[in-house]
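Read through the structure below, which is laid out as structure tokens, and then see the notes.
We did not get these values from a lab; they are worked out from the coordinates using the rules stated. It should be emphasised that the depicted structure is a prediction, and the values quoted were computed from it without experimental measurement. As a convention, Cβ positions derive from the backbone with ideal geometry for all residues, glycine included, and neighbour counts pool all protein chains shown.
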Amino acid sequence: MKKIVIALVIVAVVGTAAYFAFFSKKPETLAAVATGPVTVEAKNGTISVVVEGAAVVEAYQQITLRTSGSAVLLTVKKSGQQVAKDGIVATLDDSVSRNNLSQAELNLSQAELDVSKSKLALQRSRKDAADTKILVENKAASQDKLLLAEEALRNAEIALETAEIKVQMAKLALDKAKREVQDAVVRAPFAGTVLKSFAEEGDLLSGNSPIALFGDVSRLRLSAEVDEFDIGKITIGRPVTISGDAVGEESIRSVVESISPIAEIVNNISIFTVSAVIGNEEGKLRPGMSADFSILISSDKGLVVPSKSVSSVRGRSYLDVVENGEVVKKRVETGADDGINLVVLSGIEEGAQVVVPGAMPVAAPATPAPAASSTTEKSVLPITIPGSGGTR
């Protein structure tokens, strides 16, 4: 019996010690348990959603100037030299072309002379046929003689048609010879700059050989690659921001000028090319440089809250707000969403305590707090500070 009493006393002592140890030495544990839903304060801010990529600088338009035929290169502009529209970029030895031109002119003269002869022969044949027909009608010539005269007439007509065809062929050859002489002087198709020379003076070039790369760098085109997941968000005219070391401290603004109609498959991913055009009057940028290419998809100002705090039902957006210690559901209109935060355009006021579902409350400070105030403390969340915006 004494052993049972002693055991009960020991249990009572241990229980009392545990009670005082729990309630007097760990008040912070109670505070953590007593905290309500995790909330953040809705604050004014801006959310911008962008698609970013690396862009390559290209000339606004460029063309490779080539030879039309075999010739010796006499002169060529050096890389970096500017040339006005129709200005001379290069000259080729045209001695062969001029000889061909002279020969073509002679051939045309000969063909035209042959046409004149054929016309005279045709006139004679027609007269002979007519005279023979009269003789046959008057029984002064045989029918066979008339047949021979008519055959000669048909041959004269064919000879004239052949001569006229030769004239057309001679004219085509003359036009070609004239173009070859003209092509011996390579002119700029537009005002621009010689970007690169492919040949030097004195080189013997074959037909269609490249002479120089010519381009307009007063304007530049920047092209960036966008994957299939983001290309649907981009349209012609979307704002573009171009930045980077080559650009300098101030970014350049532009708009989307073109979107490739077909994708290129890179590592099993469909890639599209998006381009924008900028001015380059100062010559700050050059083809081949790289820059950061940022396309603005959407941007809104309003009250910024975590994206996951908003729920949607039948196309309508809702979020929970703590008011007077109670959670109240509010219907809201939302704007730009960067996947972390979004903008609430209407439905709540600034300073509203927005409930973040799924967030774990943080333990209260170690200093004991009155029981009445413990239910209204807000926990700190490891999320982006509302109002700071974000990019994607």
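Computed quantities for the displayed model
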{"quantity": "Order of R316, R187, R238 under a 10 Å beta carbon neighbour criterion, fewest first", "calculated": "R316, R187, R238"}
{"quantity": "Cα gyration tensor shape of the range 189-231, rounded if a/c is under 1.5, else prolate or oblate by comparing a/b with b/c", "calculated": "prolate"}
{"quantity": "Listed pairs K43/K330; K43/K301; K308/K330; K117/K139 exceeding 21 Å between Cα atoms", "calculated": "K117/K139"}
{"quantity": "Amide hydrogen neighbours beyond the local backbone of V255, cut-off 5 Å, H modeled", "calculated": "V240, V277"}
{"quantity": "Trypsin sites (Lys or Arg not before Pro) within the range 54-95, DSSP loop, no more than 16 other Cβ atoms inside 10 Å", "calculated": "K78, K85"}
{"quantity": "In order through the range 262-273: 3J(HN,Hα) via Karplus (6.51 cos²θ - 1.76 cosθ + 1.60), integer Hz, x for Gly, Pro", "calculated": "9, 8, 10, 7, 10, 6, 6, 10, 7, 10, 10, 9"}
{"quantity": "Burial ordering of M169, M289, fewest other beta-carbon atoms within 10 Å first", "calculated": "M169, M289"}
{"quantity": "Least to most buried among I165, I234, I262 (fewest other Cβ within 10 Å first)", "calculated": "I262, I165, I234"}
{"quantity": "Shape call, the range 199-329: gyration tensor on alpha carbons, a/c limit 1.5", "calculated": "prolate"}
{"quantity": "FRET efficiency, E250 to E200 (Cβ-Cβ, R0 51 Å, nearest 0.05)", "calculated": "0.80"}
{"quantity": "Nonlocal amide H pairs with S209, under 5 Å, H built at 1.01 Å", "calculated": "T67"}
{"quantity": "Listed residue pairs exceeding 31 Å between alpha carbons, taken from K78/K176; K171/K196; K78/K178; K127/K178", "calculated": "K171/K196; K127/K178"}
{"quantity": "Gyration tensor verdict on the range 63-193 (Cα atoms; rounded if a/c is under 1.5, prolate if a/b is larger than b/c, oblate otherwise)", "calculated": "prolate"}
